[in-house]
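The values are calculated or read from the model by the stated rules, or taken from the named source; none is laboratory data. These numbers come from a predicted model, not from an experiment. All Cβ positions, even for glycine, are placed from backbone atoms using ideal geometry, and neighbour counts span all protein chains on display.
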């Protein structure tokens, strides 16, 4: 019962981290598209560049903040992956020799694992 709760919580956490990463990436793409549309709008309307500069500054600041957030959530993902090694039931367990399987060179006799 407890093992299933731990695995369920870990799965939900991992899924949410991936969702947040995807949302940040999508937001970065949308902001890039907004910047592109703003450049086109300035060209089409003929508005003075100085009139729209504050909007460009705000978009640039938002993009920089999202890029920083992307790095932070990536670091969070790494920290969570490292922390899982301390949670019973989530640790990576190794059995036997930690060498290449099958060996990188030569032929392996696979009958020994049967």
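Residue 23 meets each of the listed conditions (1) on the phi < 0 side of the Ramachandran plot; (2) surrounded by fewer than 10 Cβ atoms within 10 Å (Cβ to Cβ) apart from (2).
State whether one or more residues within the stretch 12-24 are farther than 19 Å from residue 70 by Cα, within 31 Å of the chain's Cα centre (by Cα) and free of Cβ contacts under 8 Å to residues at least 12 places away in the same chain. Yes, that holds for at least one residue. For the stretch 1-11, the candidate set comprises residues that are more than 23 Å from the chain's Cα centre (by Cα) and surrounded by 10 or more Cβ atoms within 10 Å (Cβ to Cβ); within that set, the residue that is modelled with the highest pLDDT is 5. Within the stretch 36-53, can one find any residue that is over 28 Å from residue 83 (Cα atoms), surrounded by 10 or more Cβ atoms within 10 Å (Cβ to Cβ) and touching a residue at least 24 places away in the same chain (Cβ under 8 Å)? No, because not a single residue in the stretch 36-53 is over 28 Å from residue 83 (Cα atoms), surrounded by 10 or more Cβ atoms within 10 Å (Cβ to Cβ) and touching a residue at least 24 places away in the same chain (Cβ under 8 Å). For residue 15, the conditions (1) closer than 17 Å to residue 74 by Cα; (2) modelled with pLDDT of 95 or more are fulfilled apart from (2).
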